[in-house]
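Remarks on the structure that follows.
The values are calculated or read from the model by the stated rules, or taken from the named source; none is laboratory data. Note that this is a predicted model, so its numbers are computed, not measured. Cβ atoms come from the backbone with ideal geometry, glycine included; neighbour counts cover every protein chain shown. Ligands, DNA and RNA are excluded from the accessible area calculation, which covers all protein heavy atoms including side chains. Shrake-Rupley method; radii C 1.70, N 1.55, O 1.52, S 1.80 Å.
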Amino acid sequence: MRQSALLVSKTLSEVAKILKPGIDTLSIDILIGEIIRDNHAVPSFLNYRGYPFNSCISVNDVVVHGFPNGNELKEGDIVSIDIGVIKEKFHGDHAYTFAIGFPGDEIIQLIKITKESLYKGIEKAVVGNRVGDISYVIHDYTEKKHGYGVVRELVGHGLGKQLHEDPQIPNYGRRGTGHKLMEGMVLAIEPMINLGKKEVYTEEDRWTVRTVDHKPSVHFEHNVSIQKGKADILSDYSIIEAAEKSNANLFSNY
């Protein structure tokens with residue numbers, strides 16, 4: 001599973017190198033498919049419940065499941081890229097939100113807080129805790145402390161030979177509740193946090209999820225193995241962040 005997760009990280013890092021104003025999201029999706037197949041893996045998302053693309057590319061007010069298309073990214077856009085792969089029968093699945101140029105202080109703060117909330121959730125992903133302990137800290141940090149909207153309809157999940165396994169990992173909840181975390185479980189922890197209201201709606205394509213007030217949403221996701229004392233993060237943001245920082249078209253100073 002670590003190999004699968006690291007292939008997703010590698011793919012995201014390659015995408016980070018080429019993001020810029022003027023690039024369309026469909027060409028990004030095609031590149032993602034090529035990278036995955038060149039590494040002897042299969043895109044998890046393609047044809048999953050009828051989903052027609054290699055990846056989900058969600059721009060600005062699209063929370064998740066954005067369809068790649070011919071629309072070009074522009075200065076000030078934020079784009080969440082979510083990728084899944086199957087390698088040696090096991091899935092990797094995580095996401096990263098990029099800023100194309102400078103989107104403004106308010107949105108940069110949202111990116112920063114959402115990313116921090118992911119790591120706060122991971123700190124609770126240890127043997128003996130419960131799902132609610134992860135959910136609570138993400139909710140407390142993003143919504144209660146900073147006033148953002150935590151999406152209720154979409155959640156993290158277990159990961160393994162299936163893309164979505166039990167338990168579900170909401171980004172809101174109460175401490176000490178939910179499924180007990182056992183050693184060796186692998187979770188996809190993924191805060192989806194809105195600048196404005198928490199409510200979302202799904203477009204007629206039955207996939208694209210947008211914020212009701214059309215304010216931006218940010219999505220980060222890691223793959224984590226439950227261990228005693230400290231979670232083992234199977235995915236690797238460091239290579240994505242290095243590529244992000246080396247690309248002058250991306251804002252990464254947050």
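Report, by residue number, each residue of segment 102-135 that is open to solvent by less than 10 Å² (accessible area, probe 1.4 Å) and not hydrophobic (A, V, I, L, M, F, W, C).
Across segment 102-135, the qualifying residues are Thr114, Ser117, Gly121, Gly132, Ser135.
Under 6 Å by Cβ, and 6 or more places apart or on different chains, what pairs join a residue from segment 125-148 that is of a type in the set (S, T, N, Q) with one that is part of a loop (DSSP other than H, G, I, E, B) and open to solvent by 40 Å² or more (accessible area, probe 1.4 Å)?
Listed by first residue and then by second, the contacts come to Ser135/Tyr172.
Quick one: what pairs do we get from segment 85-112, first residue within 15 Å of Lys10 (Cα to Cα), second open to solvent by 30 Å² or more (accessible area, probe 1.4 Å) and not basic (Lys, Arg), C-beta under 6 Å, 6+ apart or different chains?
Taking only residues 6 or more apart or on different chains, the pairs are Ile86/Val42; Lys87/Gln3.
Can you name every residue in segment 240-254 that is open to solvent by less than 10 Å² (accessible area, probe 1.4 Å) and either more than 30 Å from Gly76 (Cβ to Cβ) or small (Gly, Ala, Ser) (or both)?
Passing the criteria: only Ala243.
Name the residue that is nearest to Tyr51 (Cα to Cα), counting only residues in segment 196-239 that are surrounded by fewer than 21 Cβ atoms within 10 Å (Cβ to Cβ) and aliphatic (A, V, I, L, M).
Among those residues, the one meeting the criterion is Val212.
Taking segment 1-35, which residues are open to solvent by 30 Å² or more (accessible area, probe 1.4 Å) and not aliphatic (A, V, I, L, M)?
Correct list: Arg2, Gln3, Lys10, Glu14, Lys17, Lys20, Pro21, Gly22, Asp24, Ser27, Glu34.
Within segment 141-154, does at least one residue satisfy the condition of being surrounded by 20 or more Cβ atoms within 10 Å (Cβ to Cβ) and assigned to a helix (DSSP H, G or I)?
So in segment 141-154, the residues surrounded by 20 or more Cβ atoms within 10 Å (Cβ to Cβ) come out as 141-142, 148-151.
In the following step, the residues that additionally are assigned to a helix (DSSP H, G or I) were identified as 141-142.
For segment 141-154, residues surrounded by 20 or more Cβ atoms within 10 Å (Cβ to Cβ) and assigned to a helix (DSSP H, G or I): present.
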